[in-house]
């Protein structure tokens, strides 16, 4: 039996999982869900009801996107995407993912759905996202092609879907900011063969 991945095409967390599984050449059956009609099989595996949910070929359930990435890269990592456990690079990666999945994701949700957060000041939210996340990332990428140098790693693919979602709200506004390096990095991934595979319908 091959692995089964419950996914939603546009969800950045699910994109992460698909990136890792495809890169690691792990055969899997993709089951695209409807958010308003979640399959009973998925809810039985993971009652939290969010994607991605991976049922591995040995019947293990993994329902956190980063855990799926770790699992996949531990199976097969031909280009060395996964930093060594305990290394400074691994610690830096984990810190960035914590920022992305915590405070930045909250800002992203408010920015993307302002009608749900009428008590928030959109300009303040945007400025916070720039200071917390975008300007520091751009500064790293001004010195190197990817977030850890000239070599792509798991960190690039863990953050990329969320950067893409934020920039997609108002691309013209983002183009006017001093984010040339970050936007060039984003363009690289958006136009990559791997992204086309990940986003195939």
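Annotation: the residues 169, 198, sorted from fewest to most other C-beta atoms within 10 Å of their own C-beta, follow the order 169, 198. The packing ranking, built from the mean of other Cβ atoms within 10 Å per residue, places the peptides 70-80, 113-123 in the order 70-80, 113-123, highest first. Taking one quarter of the surface of the convex hull spanned by the alpha-carbon atoms of the range 1-148 gives a direction-averaged projected area of 10.6 nm². Among 60, 36, 16, the largest mean-square fluctuation in a Gaussian network model of the chain (Cα springs under 10 Å) belongs to 36. Legend: P(r) of the range 3-78 from all alpha carbon pair distances, 10 Å bins from 0, whole percents, reading 22, 58, 19, 1. The calculated P(r) of the range 36-123, using every Cα pair and 10 Å bins from 0, goes 14, 30, 32, 20, 4 in percent.
Per-residue ellipticity at 222 nm computed for the chain from its helices equals -15000 deg cm²/dmol, with DSSP H segments shorter than 4 residues left out and the rest contributing -39,500 (n - 2.57).
Both the radius of gyration and Dmax for the range 77-201 are 15.1, 48 Å, in that order, over alpha-carbon atoms. For the chain, a Gaussian network of Cα nodes joined below 10 Å ranks 85, 14, 24 by mean-square fluctuation, and the top entry is 85.
None of the figures in this text is laboratory data; all of them are computed from the coordinates on show. None of the values given here were measured: they were computed from a predicted structure. With ideal geometry, Cβ positions are generated from the backbone for all residues, glycine too; neighbour counts draw on all protein chains shown.
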